[in-house]
Every structure is written in structure tokens, then in C-alpha cells.
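For reference, the structure is listed below as C-alpha cells.
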Amino acid sequence: MENNPLTNYFRRPSIYIKLPSNGRFWPPDALVKNETGEYPVYPMTAVDEISYRTPDALFNGQAVVDVIQSCVPNIKNAWAMPGMDLDTILIAIRIASYSHEMDVETSCPKCSESANYSLDLRNVLDNLKTPDYTRTIELADLSISLKPLNYKQISDSNIIQFEEQKMLQVVSNSDVGEDEKVKLLSEAFKKVGQLTIRALRQSIESIQTPETTVSDPKFIDEFLKNCDRSVFDKIRDTVTRLKTSSELKPLHVKCSSCGHEYDQQFTLDMTNFFA
């Protein structure tokens, strides 16, 4: 096959990143690892930008997966990506595509003054924390090992939560009878509980007993549904703490109008993060 004479004009890596997971928790066929642990990140193409403007693909996560695999060629299956790596990868793609500066719109809670603040995404990358999944939960003679959710699990969970929230709003504002409303709300809360148990089960790698190691999801699911509440709460709180430790920290802002200082939450809103 004839070589394309325009190859030298194709996009090139703009930055290199280390993944917070260091390649752990990735299935063997999902990430092509290298000796340095640094992965090249390319700018988005025009096709990538179109993908990010397709509402359905954005909602179900497919647009995120397509763009990640386009811009980080070492990633072959972004659905299997540990959630702890997601923010690092998306911020790196944003830097590679549009530079390290990003404006964040904020409104002072004291005087309501609106302003745009320039955020250096390189500093955001440097300040991202890596949750420690090497530590186990010790409960009597049980030792519980945890793992991060992958992007597919996170995306599916977000979709279900969104649909449940929509249903709760509809039920709360509907004109159905009080008995029917109580029934529908009860069913919705039951589904939320099931979603919580599923997320915890997916976050457990194994449970070590004095006799054996249990990693079968069916047995772990049954354990979560029948364990003591204090045990359940300890697992849930630990999983939540690990997740929270790796989340983006708020931007500390001083209002230029009244001098009030406050924290502005900063999230990777896919509808405008790559705008």
C-alpha cells in the first residue's frame, strides 16, 4: 500500500501523562502499557468535536469513549478504564486541544457579581489525588479488598440515577392519588437501594475469610444484602471516601467587587468542557 505523502502533517502528541492508576485495574487488552508509564495525548480532530456535539452519544458515554480512544491511542477500550483515571485523561485532552488555560464562570454568593476566572489546567492535573486501593477494610475476621469502578459501570450508574431522578420529579409533581404516589415513590427508593448495592458489589475485588477468598459477584451481592448494617455502612463509607478523595477540588475565588472569598465547584461538564 502506498504511503500517504501527507503523513508528516498528521497531528502529533501535545503532552504526555501518567495515569493515577499506574495501569493497575486495566484489563490486559484495554491499555497498551509502556516502560515509562507516560502516555501520549493528541489534540482532538474535527470528527472528535462533532462526536462531542451529538447529544445521544454524549448522554450514554459513547462520545467520551470515542474521543479518549482517538486522542490517547494506547487506550484500546476506554469503557474498561478505571474511573480514577477519567479526570486526568479528559483534562489532558482539553490541554492538548485548546491549551492549558480555561475560563470558569462564577457568581459571588454575597453580591451576585458574575465573573470569569482563568484556570490553569496544569495545576489541576498536578493536584489530582490518587486514591489508595491497596488498603483493605478489616472487619473482625474479614478482609475486604476494593477496586475502582470502570467507566462503563460509572456511565450505566449515572444513566440509571438520571432516570430515577426524573421519575421522582414526575411523581412528586403529578396529580395521581396519594396512595399511588406513595407506591411509586417506594418503588423508586427501592431501586435506588438496589443501585447502591450494585455499585458497592462492583467496588469489591474480593473478601478474605479465615478459610477462603471470595470473589464471585453473586456471593458478594448476597453478602451485602444480608450483612449487619454497621458492616454495610463501613464498606459504603470507605468506597465513598476513596471516590471523593480523587474528585476535582473546588476553585477558591475572591470576588473582585466585594472581596468575598468562596469556593466555586469545578466539574468536567461535557457539554461545555470542550467548547
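No value in this document is a laboratory result; all are computed from the given coordinates. Small disclaimer: the values here were computed from a predicted structure and weren't measured. Heads up, the Cβs are rebuilt from the backbone with ideal geometry, glycines too, and the neighbour counts pull from every protein chain shown.
The local environment of Leu31, defined by Cβ-Cβ distances under 12 Å, has a net charge of +1 under the rule Lys, Arg +1 and Asp, Glu -1. For a modelled paramagnetic label at Leu121, 7 Å from Cα along Cα-to-Cβ, the residues of segment 63-94 in reach, with backbone nitrogen under 12 Å, are 87-94. When restricted to Cα atoms, segment 26-133 yields an Rg and a Dmax of 16.1, 53 Å, respectively.
For segment 259-267, putting each phi into the Karplus relation 6.51 cos²θ - 1.76 cosθ + 1.60 with θ = phi - 60° gives couplings of x, 5, 9, 7, 9, 9, 4, 10, 10 Hz, in residue order, rounded to whole numbers and with x for Gly and Pro.
This ranking places Tyr9, Tyr16 by how few other beta-carbon atoms lie within 10 Å of each, fewest first, which gives Tyr9, Tyr16. From most to least packed by mean Cβ count within 10 Å, the peptides 139-152, 73-86 give 73-86, 139-152.
Listed by number, the DSSP H helices of the chain that run 15 Å or longer by alpha-carbon position along their axis and have mean Kyte hydropathy of at least 0.0 are 86-98. The order of Glu247, Glu138, going from fewest to most other C-beta atoms within 10 Å of their C-beta, is Glu138, Glu247.
For segment 227-259 versus segment 40-111, the spacing of their alpha-carbon centroids is 23 Å. The protection proxy used here, the mean number of other Cβ atoms lying within 10 Å of each residue, ranks peptides 226-233, 159-166, 1-8, 39-46 as follows, highest first: 39-46, 159-166, 226-233, 1-8. Across the cross-link table entries Lys18/Lys152; Lys166/Lys234; Lys166/Lys190; Lys76/Lys129; Lys152/Lys243, which are compared at the Cα atoms, the separations over 19 Å belong to Lys18/Lys152; Lys166/Lys234; Lys76/Lys129. Close amide-amide hydrogen proximity is noted between Val214 and Ile207, Gln208, Thr209, each under 5 Å apart and 5 or more residues distant or on a separate chain (H modeled in the peptide plane; Pro and chain starts excluded).
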